[in-house]
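The values are calculated or read from the model by the stated rules, or taken from the named source; none is laboratory data. In this text, all values refer to a predicted model and were calculated from it rather than measured experimentally. Cβ sites come from the backbone with ideal geometry, for glycine too, and all protein chains shown count toward neighbours.
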Amino acid sequence: MVKKRVVAAMSGGVDSSVVAAMLIEQGYEVIGVTLKLHECSEASDSPSCCGIDGMTKARSTANALGIRHYVYDCVKDFEKTVLESSWREYDSGRTPNPCLLCNEYVKFGILQDFARSLNAEYIATGHYAQIDFVNGLPVLKRGKDANKDQSYFLAGLTGEQLRRSLFPLGGMDKPEVREYARKLNLPSAESVESQDACLVGGFDSFAEMLRHRFGSPARHGEVITDKGELMARHSGLHNFTVGQRRNLGLTTFKRFWVKEIDAQNSRVIITDEQKNLLSSSITADGWTWREGFNPADGFRCLAQIRYRHKAVKAEIFAGKSGSYRIDFETPEKAAAPGQAVVLYDGDMVLGRGWIRSKI
């Protein structure tokens, strides 16, 4: 019998290494692929930030498993679809989510195209999420490990992308993955968790790294209270996000939070009361819906506005030009325009939209 061929996305970490090992045990023909996302020198002072360290570890694991390994150059695609898009959002006073963009356009777009060129039926990643089928249609579901569940970051994948994907870790928790790696003596068994250092690159923040990368001037302006009082002048609109409390540039011991970003006037509006961060409703557009799901006006579900936020009960109403209004049963804190809102039915993803405004 001919083995089904699968491309395993290998970052060099324990999760993706275990994925490759599990698939081999399950009888697949596995090919390891590491995505090159940044240009950098072998002499870099911080090799992990540009991927050399990850490539080396991934190749070491592939050799230990006896499988082929490729490094696929996605530098230009990553620059355009993730970095450039993210900077446009920051520069317009919004807060992007680069991980969702990378998943939708690079890992499950470009990598799946590369997998097809290798005659592979699937790609597999180390995400903690699950794929099920309902009436023959693919459904994305939360992972078993609630602390590691990554369905929020994958919620924009299309039905076709899900059909060609495997998430072997979806039914496991992190300790089980570590133990699996130890039993097989995988080189990455004790590797530390990735903190996405490549998205900072030696700068204080991802946003500041992007500003330098694209040679854009910082949009200076005022920091004012929601009562109109001038508190400070800021050195760049991109340095702020709704709900932020630290690094506001204030000379006061009183606590303030970013309530709103007025991009048109380059103003950061702050408040000294957390209750002012609450929103009863938001609008969102750019939706990707679960295949076969037709959202009825006024349907009820759970809505999650950030990765670490708890999903809350909500009611969804259709607006103009594909936008939807999400009414929360209880007000949500610090809904940031530019972030994703993901809708769930229990642990099943219904759709993903981009937050446009608070109401």
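Taking into account only those residues within region 96-134 that are more than 20 Å from the chain's Cα centre (by Cα) and hydroxyl-bearing (Ser, Thr, Tyr), which is nearest to residue 144 (Cα to Cα)?
The initial filter retains those residues of region 96-134 that are more than 20 Å from the chain's Cα centre (by Cα), namely 113-122, 132-134.
Keeping just the survivors that are hydroxyl-bearing (Ser, Thr, Tyr) gives 117, 122.
Values: 117: 32, 122: 22 Å.
My answer is 122.
Which ones in region 217-228 are surrounded by 12 or more Cβ atoms within 10 Å (Cβ to Cβ) and either in contact with a Ser or Thr (Cβ under 9 Å, 6 or more places away or on another chain) or part of a helix (DSSP H, G or I) (or both)?
Result: 218, 219, 221, 222, 225, 226.
Please state which of the following conditions residue 231 fails to meet, knowing it meets all the rest: (1) assigned to a strand (DSSP E or B); (2) under 20 Å from residue 92 (Cα atoms).
(2)
Kindly indicate the residue of region 247-287 that is assigned to a strand (DSSP E or B) and aliphatic (A, V, I, L, M) and also farthest from residue 225 (Cα to Cα) among those meeting that condition.
Here the answer is 284.
Which of the residues that make up region 127-156 are of a type in the set (Lys, Arg) and touching a residue at least 60 places away in the same chain (Cβ under 8 Å)? Reasoning before the result, please.
We begin by selecting, within region 127-156, every residue of a type in the set (Lys, Arg); these are 141-142, 144, 148.
Hits for region 127-156 are 141, 142.
Yes or no: residue 82 in contact with a helix residue (DSSP H, G or I) (Cβ under 8 Å, 6 or more places away or on another chain) and either outside the structural domain of residue 164 (by TED's automatic domain parsing) or in contact (Cβ under 8 Å) with a residue 24 or more places away in the chain (or both)?
It is true that residue 82 is in contact with a helix residue (DSSP H, G or I) (Cβ under 8 Å, 6 or more places away or on another chain) and either outside the structural domain of residue 164 (by TED's automatic domain parsing) or in contact (Cβ under 8 Å) with a residue 24 or more places away in the chain (or both).
Note down all Cβ pairs under 6 Å where the first residue falls in region 57-69 and is in contact (Cβ under 8 Å) with a residue 24 or more places away in the chain and crowded, with 18+ Cβ neighbours inside 10 Å, the second is assigned to a strand (DSSP E or B) and among the polar types (S, T, N, Q), and they're at least six residues apart or on different chains.
Final answer for the pair search is 58/34.
Residues checked against (1) modelled with pLDDT under 95; (2) outside any helix (DSSP H, G or I):
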site	(1), (2)
138	no, yes
147	yes, yes
156	no, yes
161	no, no
169	no, yes
190	yes, yes
198	yes, no
215	no, yes
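Which pairs turn up if I take residues in region 15-30 that are under 16 Å from residue 187 (Cβ atoms) and part of a loop (DSSP other than H, G, I, E, B) and look for partners that are at pLDDT 95 or above and not aliphatic (A, V, I, L, M) with beta carbon separation below 9 Å, at least 6 apart in sequence or on another chain?
Between residues of region 15-30 that are under 16 Å from residue 187 (Cβ atoms) and part of a loop (DSSP other than H, G, I, E, B) and residues that are at pLDDT 95 or above and not aliphatic (A, V, I, L, M), there is no close pair.
Does residue 258 count as touching a Phe, Trp or Tyr at 6+ places or on another chain (Cβ under 6 Å) and either buried (at least 16 other Cβ atoms within 10 Å of the Cβ) or aliphatic (A, V, I, L, M) (or both)?
Numbers: touching a Phe, Trp or Tyr at 6+ places or on another chain (Cβ under 6 Å): yes; either buried (at least 16 other Cβ atoms within 10 Å of the Cβ) or aliphatic (A, V, I, L, M) (or both): yes.
The answer is yes for residue 258.
Could you list all residues from region 31-41 that are farther than 16 Å from residue 108 by Cα and free of Cβ contacts under 8 Å to residues at least 60 places away in the same chain?
39, 40, 41
For residue 53, state whether it is at pLDDT below 95 and touching a Lys or Arg at 6+ places or on another chain (Cβ under 8 Å).
no
Could you count how many residues in region 171-184 are part of a loop (DSSP other than H, G, I, E, B) and surrounded by 15 or more Cβ atoms within 10 Å (Cβ to Cβ)?
Number satisfying all stated conditions: 3.
Inspect all residues belonging to region 271-287 and state whether any of them is at positive phi, of a type outside the set (Phe, Trp, Tyr), outside the structural domain of residue 344 (by TED's automatic domain parsing) and surrounded by fewer than 17 Cβ atoms within 10 Å (Cβ to Cβ).
No, region 271-287 has no match at all.
Which of the residues belonging to region 53-74 are touching a strand residue (DSSP E or B) at 6+ places or on another chain (Cβ under 8 Å) and either among the small types (Gly, Ala, Ser) or on the phi > 0 side of the Ramachandran plot (or both)?
Scanning region 53-74 gives 54, 58, 62.
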